[in-house]
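Just below is one structure, and these are the notes that go with it.
Bear in mind these aren't lab numbers, they're just calculated from the coordinates by the rules spelled out. Computed from a predicted model, the values in this text were never measured in an experiment. Every residue, glycine as well, gets a Cβ built from its backbone with ideal geometry; the counts of neighbours run over all protein chains shown.
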Amino acid sequence: MSLDFNLIWSLLPEILRSAGVTLLVWCCGVVGAVVLGFLVALGRRYGPRALGYALQAYVELIRGTPFLIQLFLLYYGGPFIGLSLDPVPAGLLGLAVYGAAYFSEIFRAGFEAVPPGHVEAAECLGLNRSQTVRRILIPEMTMLVLPPAVNMAIILLKETAVLSIITVPELTFQISAIGSQRYAFIEAMFLLACFYWGLVSLCGRLGSVAESRLSKFRFAHS
Amino acid sequence: MSWKLFLLLVQACGYTVLISAVSISVGLVIGTGVSAAMLSAHRGLSLAGRTFVSFFRGAPLLVQLLLIYNLLPTLGLNVPSMVAAVIGLSLCTAAYQAENLRGGFASVPRGLLEAAEMVGLSPFQQFWRIRAPIALRMTLPALVNEAIMILKVSSLVSVVGVVELTRMAQDLAASTFKPLQLFAAAGLIYFVVNWLVAMGGTALEKSFRWGKP
């Protein structure tokens, strides 16, 4: 395997910019997915029955179909229903909508793990619904949902590579372009795989550190 | 969308199912070996097993597929893209299955193994009659999940030129200029296949209830 470090050095700004796109899309996508997923979980718990069924259908459809098909539907099918998006916003939206379905299931499980007695006690004390959610449900379930949520965030990091197929100029897109231009595709892909591997391992490690540091906030029952 | 296009998609779905089924089976075999390596007392072997699992779970499947697809010809293996795709998917799912199986084998109660030894079962019999069935029952739900996962991510092999469901939908969408209908139909087919697999898995789990109190 031959590596031309001068070449890598000269391409570094381009590589860093695309790594920035990957990180940006990932972070924004995760934040969007968490917020949307939380709203979906709330809607399924407190919303009217029709909304609950609709949200359930959304979750099942997203979880039962490939991410790539969802992206194609959004990016290539979107313009036919008046939703013309550039690659980056389309990728972001796709990632958020996809991740939200999985996050909503994590939050739903978290809500269900909070003992019903605590919620009833909150009602007896006269807390209204938003107070119950903010002061009882969220604090009690945060520690429970942290491990699966970190896991999901890592999965979404790996899914950002799929965005290269709809020409989002993120790392996989740029590196494979550079690799094929310079006849060093295999080396480029190998380094890319190692980069993702390192980042994923780092995130996993950070997740377990966070878990052990925050374990004191865990409730006795969990 | 015409009926003819839908039939083309269903036909292409056959390849999706074929690729996924072969990858899951090959992955189960490799995964068993890797989980055995991870559980072995030999330090180098267990490190190799853990590195394999960590790498294939850590790098995006798309990057792995592109790497393997381009790596095989330089190693002198000029295989069709279908085979390269199956190799890539198998290695990836092997890593996930190895991790599941490791949990399954670790959860076999010690007392059962001691009892098996007491009644004079050979190590081979212990493995096939005690450890493997219990581990399989423990990991069956995870295996079904993994099968559904692979059915979904097999859409990525469209990138290396395998004409399965996603690639067929892409080609038809380009030629008929109806991406909305075609990708929705493809998504629906994936959904139905995944649902069938999930149903089959639940039925299998029920029939595997032997030995439970």
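Restricting A:V162, A:V119, A:V200 to those that are of a type in the set (A, V, I, L, M), surrounded by fewer than 19 Cβ atoms within 10 Å (Cβ to Cβ) and in a helix (DSSP H, G or I) reduces the list to A:V119.
Scanning segment B:146-201 for residues that are away from every other protein chain (no Cβ under 12 Å) and within 22 Å of B:A94 (Cα to Cα) turns up B:E146, B:A147, B:V162, B:G200, B:G201.
The condition (being of a type outside the set (G, A, S), out of contact with any Asp or Glu (no Cβ under 7 Å at 6 or more places or on another chain) and touching a residue at least 24 places away in the same chain (Cβ under 8 Å)) is satisfied by just one residue among B:L180, B:L143, B:L196, B:L188: B:L143.
Every residue, every condition in (1) away from chain A (no Cβ under 13 Å); (2) of a type in the set (S, T, Y); (3) free of Cβ contacts under 8 Å to residues at least 60 places away in the same chain, yes or no:
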site: B:T51; (1), (2), (3): no, yes, yes
site: B:Q64; (1), (2), (3): no, no, yes
site: B:P80; (1), (2), (3): yes, no, yes
site: B:T93; (1), (2), (3): yes, yes, no
site: B:Y96; (1), (2), (3): no, yes, no
site: B:F105; (1), (2), (3): yes, no, no
site: B:V108; (1), (2), (3): yes, no, yes
site: B:E114; (1), (2), (3): yes, no, yes
site: B:E117; (1), (2), (3): yes, no, yes
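Table: residues versus (1) surrounded by fewer than 21 Cβ atoms within 10 Å (Cβ to Cβ); (2) among the polar types (S, T, N, Q); (3) under 25 Å from B:S40 (Cα atoms).
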residue	(1), (2), (3)
B:S81	yes, yes, no
B:Q97	no, yes, yes
B:L112	yes, no, yes
B:E117	yes, no, yes
B:I130	yes, no, yes
B:I150	no, no, no
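Quick check on A:L83: is it surrounded by fewer than 14 Cβ atoms within 10 Å (Cβ to Cβ), within 14 Å of chain B (Cβ to nearest Cβ) and either not charged (D, E, K, R) or not in a helix (DSSP H, G or I) (or both)? Against the criterion (surrounded by fewer than 14 Cβ atoms within 10 Å (Cβ to Cβ), within 14 Å of chain B (Cβ to nearest Cβ) and either not charged (D, E, K, R) or not in a helix (DSSP H, G or I) (or both)), A:L83 qualifies. Check segment A:23-46 and report whether any residue there is away from every other protein chain (no Cβ under 14 Å), over 16 Å from the mean Cα position of the chain (by Cα), under 25 Å from B:A184 (Cβ atoms) and assigned to a helix (DSSP H, G or I). Yes, that holds for at least one residue. Would you confirm, using the coordinates I've provided, whether A:L12 is free of Cβ contacts under 8 Å to residues at least 40 places away in the same chain and part of a helix (DSSP H, G or I)? The answer is yes for A:L12.
The residue list B:F105, B:F55 contains one member that is crowded, with 16+ Cβ neighbours inside 10 Å and farther than 28 Å from A:Y183 by Cα, which is B:F105.
Of all the listed residues (B:A37, B:A41), the sole one being more than 19 Å from A:V200 (Cβ to Cβ) and surrounded by 14 or more Cβ atoms within 10 Å (Cβ to Cβ) is B:A37. Number of residues in segment B:144-191 that are within 16 Å of B:L8 (Cβ to Cβ) and in a helix (DSSP H, G or I): the value is 24. A residue that is part of a helix (DSSP H, G or I), in contact (Cβ under 8 Å) with a residue 40 or more places away in the chain and surrounded by fewer than 17 Cβ atoms within 10 Å (Cβ to Cβ) can be found somewhere in segment A:63-79. Exactly one residue among B:Y15, B:Y69 is closer than 20 Å to A:T65 by Cα and under 22 Å from the mean Cα position of the chain (by Cα), and that residue is B:Y15. Across segment A:165-193, the number of residues qualifying as surrounded by fewer than 24 Cβ atoms within 10 Å (Cβ to Cβ), within 16 Å of A:G91 (Cβ to Cβ), aliphatic (A, V, I, L, M) and more than 10 Å from every other protein chain (Cβ to nearest Cβ) comes to 1.
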